[in-house]
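Before any comments, here is the structure.
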Amino acid sequence: MTELGQRLRQERESKGLSLEDLQKLTKIQKRYLLGIEEGNYEVMPGKFYVRAFIKQYCEAIGLDTDAIFEEYKSDIPSTQTEDMPQQLSRVRSRKEIPQHTKGVTKAYDYLPTVLVVAGVVVVGIIIWVIAQNIVSDKNKEQANQEAPNSEVQQSNTQEETNETTAKNDNSKSEDEQSAADKKEQEKEKAEKEKD
């Protein structure tokens, strides 16, 4: 156990905190807290985490972290050679993405654009269908309003046609009558000439 570990444990116990309580406060796993108290930094994922966990531990029990780091710098591993752990971030850079998935990644890059365009097309089609229904309804309504007027016009036209037909019939019968009269007159003339 290191001097730093003994000091941190004494402070924790003087505050009446168990390792479980400290785990709840710091959200650091109990095994890592125990590793700090025992000076067993090998259980930690990296030197960066050692320093971060010690800092959280000190803050949770009310110690000045800068003073602790200065006083126990020989006990705390240096992070100059390892500023950030290898797998701290779960995000992979484009260089780390395997070549066979790059085409899929490019497809995903265009996906939002494709979805927006498809959405605009669908909305346009919906608007067009609604407009066609409105125009169709107006045409039906207009046709219904014009229907009584056209019936009146048709009946007037029918009456005019009937009158014209009647006149034509009358004029035909008059023409036939006059033609028959002419024939009779010609017959009479022919008979008179024979006598």
State, to one decimal in nm, how far the label point of E70 lies from the label point of K24, with both points 7 Å from Cα in the Cβ direction. 3.5
Residues meeting the amide H criterion for G39 (H placed from the backbone, H to H distance under 5 Å, 5 or more places apart or on another chain) are T2
Compute the length gained on full extension between A143 and E13: take 0.36 nm times their separation in residues and subtract their Cα-Cα distance, giving the result in nm to one decimal. 37.5 nm
With θ set to phi - 60° and the Karplus curve 6.51 cos²θ - 1.76 cosθ + 1.60, what are the ³J(HN,Hα) couplings of region 33-50 in order, to the nearest whole Hz, using x for Gly and Pro? 5, 5, x, 5, 5, 8, x, 9, 7, 5, 6, 6, x, x, 4, 4, 5, 4
Two-site FRET efficiency, K192 against T165, from Cβ-Cβ distance with R₀ of 45 Å, rounded to 0.05: 0.65
HN-Hα J couplings of region 109-117 from phi, Karplus 6.51/-1.76/1.60, θ = phi - 60°, integer Hz, Gly and Pro as x? 5, 8, 4, x, 5, 4, 5, 5, 4
Give me a comma-separated list of calculated 3J(HN,Hα) values for region 62-68, in order, Karplus coefficients 6.51, -1.76, 1.60 applied at θ = phi - 60°, integers in Hz, x for any Gly or Pro. x, 9, 6, 5, 4, 5, 5
If Lys and Arg each add +1 and Asp and Glu each add -1, what is the summed charge of the other residues whose beta carbon sits under 14 Å from the beta carbon of F53? +2
Using the beta-carbon distance between K183 and Q158 and R0 = 41 Å, what value does 1/(1 + (r/R0)^6) give for FRET efficiency, to the nearest 0.05? 0.65
With r as the distance between the Cβ atoms of V120 and A52 and R0 = 35 Å, compute the FRET efficiency 1/(1 + (r/R0)^6) and round to 0.05. 0.15
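Quick note: the coordinates plus some simple rules give every number you see, no bench work behind them. This structure is a prediction, so every number in the text was calculated from the model and none was measured. Every residue, glycine among them, receives a Cβ derived from its backbone with ideal geometry; neighbour counts consider all protein chains shown.
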